[in-house]
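Trainee: After the structure tokens below, expect a handful of questions from me.
The values are calculated or read from the model by the stated rules, or taken from the named source; none is laboratory data. All values derive from a computational prediction rather than experimental measurement. Reconstructed Cβ throughout: ideal geometry from the backbone, glycine too, with neighbour counts over all protein chains shown.
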Amino acid sequence: MSGTTMTSTLASSGVLELLDYPFMRRALLSALLIGLAAPAVGIYLVQRRQALLGDGIGHVALTGVALGFLLNANPVWMAVAVSTVGAVAMELLRSSGRARGDVALAMLFYGGMAGGVMIVNLAPGGSTANLTSFLWGSVTTVSPDDIVAIMLLSALVLLVTLGLRRQLFAVCQDEEFARVTGLPVRALNLLLAVTAAATVTVAMRVVGLLLVSALMVIPVVAAQQVSRGFATTLALAVTFGVVVSLAGTTTSYYADVPPGATIVLLAIGLFAVVSLLALPLARRRARRGGGGRGGAATKRPAEPVPAGRP
Amino acid sequence: MEREAGPEPVTELDEVTAELGGRTVLRGVSLTVGRGEVVALLGANGSGKSTVVRAVVGQVPVTGGGLRLFGHPVRSFGDWSRVGYVPQRSTAAGGVPATVREVVAAGRLARRRLRPLRRADRAAVDRAIERVGLAERAGEPVDALSGGQHQRVLIARALTAEPELLIMDEPLAGVDLDSQRVLAETLRTQVEGGASVLLVLHELGPLAPLIDRAVVLGHGRVERTVDRPALLPEGSHPCHPADELEPSAEPTLQTGVL
């Protein structure tokens, strides 16, 4: 990577210099888009306690990538197709109540992974080495074609997750109530599943399939350490997502480290810092008798907390 | 929302049967809520009270008999903004914090569906929050509220669509006295405005003076019906056999025949 020689450059001039390279412009643009899109979808999954759904879809997308190799088709679009099917199947299983969520998710994880490895080995001259860049991300090799796909898909994701935020909030917060208000709950759930699948495939070029879910979940969890409402959590999570993905991509250019891992570690670091800063805030809220989200023990002052709480 | 003495009841159950997970829960329940009426469902745990209200809001499929809302079979009923549903309060919190205003605004979607909320909708949300006495806490996370306050949030969420029929499942469960008072007052205002109410109660409590008819369920059937339970002599409970009163004006109540 050509950037390794410039590690001593000042950050300010460095960023400008970074933009001289078309591959870095594409890398930063895709990082920006995924930093926006991933937490915008992730917040609904976290709200519904399906934080690991993104991971499940990521594993299924691997089968799609492998199919792309086998059929000599574009792996990104194949991944979109296959992970959409996986996400929809997952949602149908969940809503039918026929399978427990975690069991269905486990099937998705292992089925997707094994399918990917099997299929890529069937492809002429293929081996699991072909999958590596998709597993761990390779943001600096994003091609102009990829950028078109990434821009289209993230536009779709942002349109759905921001435009229908009240509706998706209602569905994820209290599904039965949402049905009684006459919302098309099933359609919204499927739309959310498809949106999550699109996000995963967009993000796979940046952070890699195995770390996709981190960018959907960690900015949201970090944001809710300090926020009190859904809208503020959403705004803050998207901000965090953009900050860590841009910072991570820039860092990986200068320090010659893998971008996906850098982004995720930065997100975890941000979470730790925000949690520490939020401690006095939580204490103050607890003292006011409100409780807030400081912890289960302060949540409902009227109810004694059982001593043997797990 | 005018109180009409029209013949069409707000909701009408005729020998309704329903099952949950293959187990028969309702064995022929018949009851009617007329316009402007407040009907309470009473009965022991497992008697089918909650299943009745969940069937009325279309969340438990009816396996037999007829269930009509505003004259339409529930299966094809589409005008859900006329119905305000207050589910049993769950203690499970969502994974992301939400403010009182955000939760209440979800109820307004009954009128907006997939369209964004406008200024008038936001005003309706604020009115509903004010009506349950939580205006000062509108920006606080619902997790920070007491059980009674949380219940008031769920009621405001149902009221914000300005429904003609309110359906409430155990609104008094785990609710402090202060919130019980607010709740009774809110219900009174709604009924005075012409709304009808069907609610599941464990006991009549502070709502007794509002209730036009109490329907006692047992084993998925209507055991008895009591008109104006608050007027009964002290100490007599609607469950008491002596409370079998003369049949009400409408031929609405029959015990199940199964």
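Trainee: Can you name every residue in the range B:21-67 that is without any contact (Cβ under 8 Å) to a residue 60 or more places away in the chain, outside any strand (DSSP E or B) and closer than 18 Å to B:Trp80 by Cα?
Mentor: Answer for the range B:21-67, where residues must be without any contact (Cβ under 8 Å) to a residue 60 or more places away in the chain, outside any strand (DSSP E or B) and closer than 18 Å to B:Trp80 by Cα: B:Ala55, B:Gly58, B:Gln59, B:Val60, B:Pro61.
Trainee: I would also like to ask the following. Consider only pairs whose beta carbons are under 8 Å apart and that are at least six residues apart or on different chains; among these, list those whose first residue lies in the range A:89-108 and is within 22 Å of A:Thr63 (Cα to Cα) and whose second residue is basic (Lys, Arg).
Mentor: That search, which allows pairs on different chains as well, returns A:Gly101/A:Arg94; A:Ala104/A:Arg94.
Trainee: Can you go through A:Thr128, A:Thr132 and tell me which one is without any contact (Cβ under 8 Å) to a residue 40 or more places away in the chain, surrounded by fewer than 18 Cβ atoms within 10 Å (Cβ to Cβ) and under 23 Å from the mean Cα position of the chain (by Cα)?
Mentor: A:Thr132
Residue by residue, here is whether (1) crowded, with 17+ Cβ neighbours inside 10 Å; (2) over 30 Å from B:Val29 (Cα atoms); (3) facing another protein chain (nearest Cβ under 9 Å); (4) under 22 Å from the mean Cα position of the chain (by Cα) holds:
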| residue | (1), (2), (3), (4) |
| --- | --- |
| B:Leu67 | yes, no, no, yes |
| B:Pro73 | no, no, no, yes |
| B:Ser90 | no, no, yes, yes |
| B:Gly94 | yes, yes, yes, no |
| B:Arg101 | yes, yes, yes, yes |
| B:Val125 | yes, yes, no, yes |
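Trainee: Under 18 Å from the mean Cα position of the chain (by Cα) and at pLDDT 90 or above: which single residue out of A:Met118, A:Met151 fits that description? Working first, answer last.
Mentor: Numbers: A:Met118 fails: under 18 Å from the mean Cα position of the chain (by Cα).
Every option except A:Met151 fails the conditions.
Trainee: For the range A:143-192, how many residues meet the condition of being hydrophobic (A, V, I, L, M, F, W, C) and at the interface with chain B (Cβ under 10 Å from one of its Cβ atoms)? Before the answer, list the steps.
Mentor: The initial filter retains those residues of the range A:143-192 that are hydrophobic (A, V, I, L, M, F, W, C), namely A:147-153, A:155-160, A:162, A:164, A:168-172, A:177-178, A:180, A:183, A:185, A:187-188, A:190-192.
From what is left, the residues that are at the interface with chain B (Cβ under 10 Å from one of its Cβ atoms) are A:164, A:169-172, A:177-178, A:180, A:183, A:187-188.
Counting residues in the range A:143-192 that are hydrophobic (A, V, I, L, M, F, W, C) and at the interface with chain B (Cβ under 10 Å from one of its Cβ atoms) gives 11.
Trainee: Working carefully through the options B:Gly107, B:Gly147, find the one that is closer than 30 Å to B:Gly34 by Cβ, at the interface with another protein chain (Cβ under 10 Å from one of its Cβ atoms) and touching a residue at least 12 places away in the same chain (Cβ under 8 Å).
Mentor: Matching residue, one of B:Gly107, B:Gly147: B:Gly107.
Trainee: Please go through the range A:236-261 and pick out each residue that is among the hydroxyl-bearing types (Ser, Thr, Tyr) and crowded, with 24+ Cβ neighbours inside 10 Å.
Mentor: Taking the range A:236-261 as the starting set, the residues that turn out to be among the hydroxyl-bearing types (Ser, Thr, Tyr) are A:239, A:245, A:249-254.
Within the range A:236-261, A:Ser245, A:Thr249, A:Tyr253 meet the criteria.
Trainee: Only one residue in B:Leu109, B:Leu154 is over 17 Å from the mean Cα position of the chain (by Cα) and crowded, with 24+ Cβ neighbours inside 10 Å, so which one is that?
Mentor: Of the residues listed, the single one that is over 17 Å from the mean Cα position of the chain (by Cα) and crowded, with 24+ Cβ neighbours inside 10 Å is B:Leu109.
Trainee: Continuing with this model, one more query. Take the range A:40-99 and flag every residue that is under 19 Å from the mean Cα position of the chain (by Cα) and of a type in the set (Ser, Thr, Tyr).
Mentor: Across the range A:40-99, the qualifying residues are A:Tyr44, A:Thr63, A:Ser83, A:Thr84.
Trainee: Tell me the residue from A:Ala282, A:Ala296, A:Ala278 that is modelled with pLDDT under 70, surrounded by 11 or more Cβ atoms within 10 Å (Cβ to Cβ) and within 13 Å of chain B (Cβ to nearest Cβ), please.
Mentor: It is A:Ala296.
Trainee: Let me ask something else about it. Kindly indicate whether B:Arg108 is of a type in the set (Lys, Arg), touching a Leu at 6+ places or on another chain (Cβ under 7 Å) and modelled with pLDDT under 95.
Mentor: In short, no.
Condition check ((1) in contact with a His (Cβ under 7 Å, 6 or more places away or on another chain); (2) assigned to a helix (DSSP H, G or I); (3) closer than 19 Å to B:Ser47 by Cβ) across all residues:
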site: B:Leu183; (1), (2), (3): no, yes, no
site: B:Thr186; (1), (2), (3): no, yes, no
site: B:Gly194; (1), (2), (3): no, no, no
site: B:Leu198; (1), (2), (3): no, no, yes
site: B:His202; (1), (2), (3): no, no, yes
site: B:Val216; (1), (2), (3): no, no, yes
site: B:Val222; (1), (2), (3): no, no, yes
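Per-residue answers, yes or no, for (1) modelled with pLDDT of 95 or more; (2) surrounded by fewer than 24 Cβ atoms within 10 Å (Cβ to Cβ); (3) under 18 Å from A:Thr233 (Cβ atoms):
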{"position": "A:Arg165", "(1), (2), (3)": "yes, yes, yes"}
{"position": "A:Asp174", "(1), (2), (3)": "no, yes, yes"}
{"position": "A:Ala187", "(1), (2), (3)": "yes, yes, no"}
{"position": "A:Val202", "(1), (2), (3)": "no, no, no"}
{"position": "A:Leu209", "(1), (2), (3)": "no, no, no"}
{"position": "A:Met216", "(1), (2), (3)": "yes, no, yes"}
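Yes/no per residue for (1) in contact (Cβ under 8 Å) with a residue 40 or more places away in the chain; (2) more than 26 Å from B:Val10 (Cα to Cα):
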| position | (1), (2) |
| --- | --- |
| B:Val125 | no, no |
| B:Leu134 | no, yes |
| B:Met168 | yes, no |
| B:Gln180 | no, no |
| B:Glu185 | no, no |
| B:Thr189 | yes, no |
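Trainee: Quick one: is A:Leu131 within 14 Å of chain B (Cβ to nearest Cβ) and more than 28 Å from A:Leu18 (Cβ to Cβ)?
Mentor: Judged against the criteria, A:Leu131 is not a match.
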